[in-house]
Structures are given as structure tokens and as C-alpha cells.
Amino acid sequence: MEFALISLLNGVTYGLLLFMLSSGLTLIFSMMSVLNFAHASFYMLGAYFAYQISGAASFWAALLLAPLLVGVLGALVERFGIRKAHRFGHVAELLFTFGLSFLAIEVVQLVWGKAAVDYRVPSALQGTLFTLYSTSYPIYKAFMIAVSVFMLAGLYSFLTYTRIGLIIQAALSRPDMVQALGHDVPRIFTLVFAGGTALAGLAGVIGGNALVTEPGMADAVGPIVFVVVVVGGLGSLTGAFVASLLIGILQTFMVGMNYSFVDFAREIGLDIHSAPLLARLSLTQFAPVMPYLLMVAILIFRPRGLMGARET
Amino acid sequence: MKTPPLLNARRLVFWSAYLALLVLLPLAVHKGYWLSLLCQIGINTVFALSFNMLLGQTGLLSFGHAVYYGLGAFVTMHALRAINASSLHFPITLVPLVGGAAGLLFGVAFGYVTTKRAGTTFAMISLGIGEMVAASSLMFPSFFGGEGGVSSNRVVGGKGLFGITYGPQIQMYYLIAGWAFLSILAMYALTQTPLGRIANAVRDNPERAEFVGYNPRRVRFLMMMLAGFFAGIAGGLTALNYEIVTAESLSAYTSGLVIMMAFVGGIGVFFGPILGAALITVLQIVVAGATAAWPVYFGLIFLLVVLYAPGGIAGILLEQMKLWRSGELRRLWPSYLLALVPAVILVGAVIFLVEMSYALVNSSQTGSSEVRVLGFGLDAGRALTWIAGAVALAIGVALLRAAAKRIAGDRYVPPLPQGRT
């Protein structure tokens, strides 16, 4: 019971972090059909910027400034890179962001070194919020949930209730019509790209110190975010939300369960002496490949993803 | 329309020349260093061409092509171990086929899932499959050998036919060259078959291909299987050449490298990836030996090609050939020469700035922030050197733009075709 509750809380925290990344990716994708391969690089930059700013000023300044900086960077990338690559089609756009992600890691290594930097949780947020049975739940994780939920509520109301949000929504499905009505669609694209990357940056700010801030962090989370988007269904924000939570919770549970198939068989009374390697692997060992197995299963049984509306 | 015969004089000359080049090249190089470089180029050529069967010919951008290459290499290595332990009798000459078979098998298994979708989704799924295989390499240390990888010996006791043991690197080179030539020829022949043509149709317009009566999914699946086969052969050759395979051979890094080789070489033309494989392999060894900043240069070259020359080197060459044939190049070459000056300034400025950044960052370890330029020592710790670099960069950009405008102005623009397009 204790394990289940704590894992659930941790899983939700991780899942919300994944959603902050996947929501930006989905928004950018469904609007411009651009798969931003460098999305996780912006997450990494957010963490490094936050480390730098919180060293010079404070964590709270970093919480505000780092996502803004990442967003500005994203806008520049869209304006002077992706728009140029767009002339040559989607493959060129994808490869451009792919090259960018490669370069980003190298630049980060150059500026901040190859080892992890000491980006810590601020002292005001250290400590225990409550103790459940015998496991303590840190304040910072609750803070992460609060920031994510606040941000997502903000994003939702921005897209639903503001004029510019409605124009963005319209441009998602009918960019030509929106253009014909006199709106500057390329500028909306830049804005959405900046917003999406800023969200990734924010995820980096609050995730970098909870996990670890190192040059490998983009590669660690990038493929999983892609899996989330495929599993949720391309272009569906709700789908991305469900898939983020699903993968976050599943993975957290699996990491905590040191059970293998053989152990399970023993539990129900079967005594197995020799078993193939696959049956002897524990769930913990399976955790890293679980998202990909889930993706394969979804593709076989429901190719459009959980909530996807279209096939391609 | 009548299709031209597969064997014509031009092709015969071209392929014979290529074969002669492969046979004669090792005679020109004497040092073992260059010989092993040639071996690496041969392997990478097959790998890059197998990748381009997907991207260039079928329109499938795979971020996980190293899976077939790496698994092919691992299976080959295990076969080699079995041969060494005498539990399997198989001539070494044919061992790369084991890698090919493994690549084909995994191409069938993974291709069934990945080719369900095309376009961007395929790219994401291939990335996921690649990550899955890379992650599972840690789960099965008995097969993947953990951190140390799997190693074996390609010289299997006794004298082989004509005394060929594949012990000396030169014999290994000819084995690689032979398999590479056969594979390249087979891949080229494939582009001329109905399957190759339909793959092009599926790439350009899957809907129309479907209307004509072909199932685009099946075409993608078939091409994926064949691409897996050739990637597996490249993997088998790697296993034989290095006698060790590590998990790096199926990592995202290797998948990225093959994208780079194919794209920089040019994905629109069959021979593009051959050029790309040779260039990137040489750069990788030469540049990485010269400077710590090589990943930055690689990234910049890649971005430059994506943004300014999406046809790659092959695309540029074909464009110049066209100009040569129309006689326009004779009018253009003064402008080209003129453009060379700012290009050199620009490249020099970029290299200077990158090297200065590295010198400055590493100065705490090396104890000096000096960059040597043409024999002069410049201190990267001073603002003046940075200003000089930035000014050179700005001048280079400005002049190159002017030169590009001049070239564009000099070019003969054909009148718009009337009536039909």
C-alpha cells in the first residue's frame, strides 16, 4: 500500500514533467507538421540556464527567466533555421533539428563541461512535506506538481479563452483560411514554437535539479517524449496527457518492483528451477524498454494512438 | 515507354572503372593507417547506401538504422565464435552473409511494425525501436557482452584456399572490397527493378501508387527488409574487420552518423552516399585527430548542407556538370574564383572562433589559452583576438553574399517554358 501510493505520487510527478515536454512537441507538430527533434535539447538548455541564473541570482529568478530565454532561443531557431529548411520539405526540417540537437550537446559540453553540474533544489523547498507510513514525500516534488498543473491550466485557458489562443487553434487546423483572414500565420508559428520550447525550458528548470543536470539529459528523455507523442496519438494534446501519465506511472512502478516472471511463478506455487533469461529478468530491468514496448504494442493494435484522430 | 537495357556501354565502363579503383587503391597506399581507413570507407559505403534505400528511394527517414548494422555485427561475431570453437563449419569468406541474414531477419521483425506508418511517424518509431534495442543491449549481457563487447578471431586455424587466411589487413581489404562491390552493384540493380521504381513512386506519392494497385505498406516493408539485409552485411564486415563488436555499433550515435554520411553525400542520387561515406570517414579520422572540436565542425557541416545544399555533394556536382555541358561554366568560373576568397575567409573565421572557444575553456587544464594560427600564437583570453575573429566572420559573410549574388546574376536564366509544364 505504501509502495503503491508513493509510486503513484512519483509517477504522477514524472508523468507531468513528460507532459510539459510532450505538450510543446505536440503543439508544434500539429500546427506546423514539424517534428522538433531538438525539443529535448531545449529542456536541457532550460536546466543549464537555470543552474547559471540560480547561481548568480536566485532559483525564483531562474524559474521566470530561464524559460523566457529558452523561448527566445526557440523563436530565433524557428525564424532563421526552420523557416529556411521549410523550403526543402519536412525531411529537411527534421534533419535540421536533428543536427541542432547534436550541436546543442557539444556546445553544452563546451560551456559547462562533460560532468553533471551542481544544480540543486533551493533551500526554501528542501525538506519533507509529509510522511506516508514510513516514506517521506519531499516538498520539491509537490512543488513540481504544482508548477506543472498551474502551467497546464494556464496553457489550457490561454488556448481556449484568449483571442490569440483561438487564432492559434484555428491555425492548427486551417492555416490557409487563417492567413486569408489577414492573420500573420508565420508569426503565429514562431510564437507557438517559442511557447513550446519555453515549456520545455520550464520542464528543464524544475526537472534539472530533481533529476540530474548533465549533457546526456537530452538524450535520456528525448526518445521517451517521442514515444509519448506516438502513443498518445499525433497532434492530440489530451492523448499526450494520458500517455505521459501512463508512461510516467508505469515506469515508476516497474523501477520499484524487483520481481521477475520466475519470482511470480514461485509466488503462486510453481517451482521453476531453470528458466530462459527473459523469464528471469526482473521488472526493474525491463523498465528502460517498457515505453518502447508499449509503443510497439500500440502501433500493432491501435496505429493511430490512444486519442489520435488521423493515421499519419 | 521503353526502359533502357540494364547493361549498356556507359554503365559497363563506370562499374569496371569502379572495380579497378577498388582493386588498385591499396597499391597506392603503403601505410597500414590508410589501408584500415580504406576498409572503414568500404564498410561505411555499404551501410550508407543501405540507409539510402530507405531515405532516398522510399522516402523513409530512419533514426535507428544502426539496429540492423549492429545486430548483424553481433550475430556475425557469435557465428565467428562458433566457427572458432569448431562447432560450426563455414568458410570465413561467406561469413558476412550471416550478418546479412541477421539484418534481414530483424528487418522483417522490426520492419513489420515500423513500416505501418510513413513520413514523420516512421522517423519517430524508428527512433523508438533504435532506443529499445540499444537499451536491451544492457539487459542481455550474455549476447551483447556488456560494456566490453564481444570479440573473436577471424583467422581460423590452418591454411585456407590459396593461403588466404584473412590474417593480413590487405586480405581483409580485398574481402571487404569484394563484398562492398557486390552489395553496391546489387543495390544499384535494385533501383532499376520494378520494386525499386515502385519504391520511388511510394516515396513521391503513396496515394497514387495505391491507386495504380500497389500496397505502399508492402513496398515499404520489402524495402525495409532489403535495407536491413545490406546493413547487416556491412555489420558482418565490421565484425570481421575489427574482431570486436560493442554496443556502440547499434547506438543512436551510429544511426546519426549514417544519416550524416548519406545526407552530406546526397540522397537524391545513387552514388551520393558513396561520396558521403568516403568524405565523412576521412573527416572523422583526420579532423578528430587534429582537434577536439570535431563534433562542432561535423554539426556545422551537416546544418550547412541541410540549409544550403539539400542535394548534398552529389547534388552540387550534378548541377556543375549541367553548367559544364551547357558551356555556362566557362562564363561562370571567374565569379567562382572570386567567391572562393570570401569562402576561405569565412571558413577560416569560423574555425578560428571555434578553436578559440575550446582553447579558452580548456585553458584551466592546459595552462595556456594560446591558439596557433599560421605560425602566430594568439591569446584567446584577450578581447582583441575575439573582435578580430568576429570582424573576419562578418566580412566573410558579407562578401560571400555579394559573390553569391554575382554568380546568380551571371547565370543564364532560361525563359519560362510556354504551353506545357
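Rule-based calculations on the coordinates, nothing more; no lab input. Computed from a predicted model, the values in this text were never measured in an experiment. Cβ sites come from the backbone with ideal geometry, for glycine too, and all protein chains shown count toward neighbours.
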Mean separation of Cα pairs under 8 Å and 6+ residues apart, divided by the residue count of region B:66-183: what relative contact order is that in percent? 27 percent
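Say R0 is 41 Å: what FRET efficiency, to the nearest 0.05, do residue B:191 and residue B:29 get from their beta-carbon distance?
Details: r = 31 Å, r/R0 = 0.75.
After rounding, the FRET efficiency stands at 0.85.
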Quick one: Cα centre-to-centre distance for region A:106-148 and region A:1-68, in angstrom? 12 Å
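If I take R0 = 45 Å and measure r between the Cβ atoms of residue A:173 and residue A:146 in this structure, what FRET efficiency does the formula 1/(1 + (r/R0)^6) give, to the nearest 0.05? Each step should come with its number before you reach the end.
On the way: r = 32 Å, r/R0 = 0.72.
Taking R0 as 45 Å, the efficiency between residue A:173 and residue A:146 is 0.90.
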Please tell me the relative contact order of chain B in percent, rounded to the nearest whole number, where contacts are Cα pairs under 8 Å and at least six residues apart. 22 percent
Options A:197, A:168, A:121, ranked by Cα towards positive dipole end of region A:95-204, top entry (Cβ charges): A:121
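Above 34 angstrom, tally the Cα pairs of the protein assembly as shown and express them as a % of all pairs, no decimals. Can you show the working numbers first?
Values: 144645 of 268278 pairs.
When every Cα pair of the protein assembly as shown is considered, 54 percent fall beyond 34 Å.
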Output for region B:99-194: trypsin sites (Lys or Arg not before Pro) sitting in coil per DSSP, at most 16 other Cβ within 10 Å, listed by number, reads B:159
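Within 10 Å of each Cβ in A:110-116, how many Cβ atoms from other chains are there, averaged over the peptide? If you can, show how the numbers build up before the last one.
Details: counts 10, 2, 1, 1, 0, 0, 0.
For peptide A:110-116, the averaged partner shielding equals 2.
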State the answer as a single residue: which of B:121, B:27, B:279 lies farthest towards the positive end of the charge dipole of region B:9-314, with beta carbon charges of +1 for Lys and Arg and -1 for Asp and Glu, about the Cα centre. B:27
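Given N residues in chain B, what is its alpha carbon radius of gyration divided by 2.2 N^0.38 Å? The partial results should precede the final answer.
On the way: Rg = 24.1 Å, N = 421, 2.2 N^0.38 = 21.9 Å.
Against the empirical 2.2 N^0.38 Å value, I get 1.10 for chain B.
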Can you work out the base-10 log of I(q)/I(0) for chain A at q = 0.07, 0.10, 0.11, 0.15 1/Å, using the Debye formula on its C-alpha atoms alone? -0.30, -0.60, -0.72, -1.25
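How about region A:128-170: which chymotrypsin sites (Phe, Trp or Tyr not before Pro) there are in a DSSP loop, with at most 15 other Cβ atoms within 10 Å of their Cβ? Numbers along the way, then the final one.
On the way: sites: A:130, A:133, A:140, A:143, A:150, A:156, A:158, A:161; in loops: A:133.
For chymotrypsin sites (Phe, Trp or Tyr not before Pro) across region A:128-170 that sit outside H, G, I, E and B with at most 15 neighbouring Cβ atoms in 10 Å, the list reads A:133.
Which order do the peptides A:40-48, A:118-126, B:240-248 take when ranked by the mean count of other beta-carbon atoms within 10 Å per residue, highest first? Show your work: numbers first, answer last.
Numbers: A:40-48: 28.2, A:118-126: 14.3, B:240-248: 20.3.
Per-residue mean Cβ counts within 10 Å order the peptides as A:40-48, B:240-248, A:118-126.
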Can you compute the modelled spin-label distance between residue B:288 and residue A:115, with each label point 7 Å from Cα toward Cβ, in nm? 2.5 nm
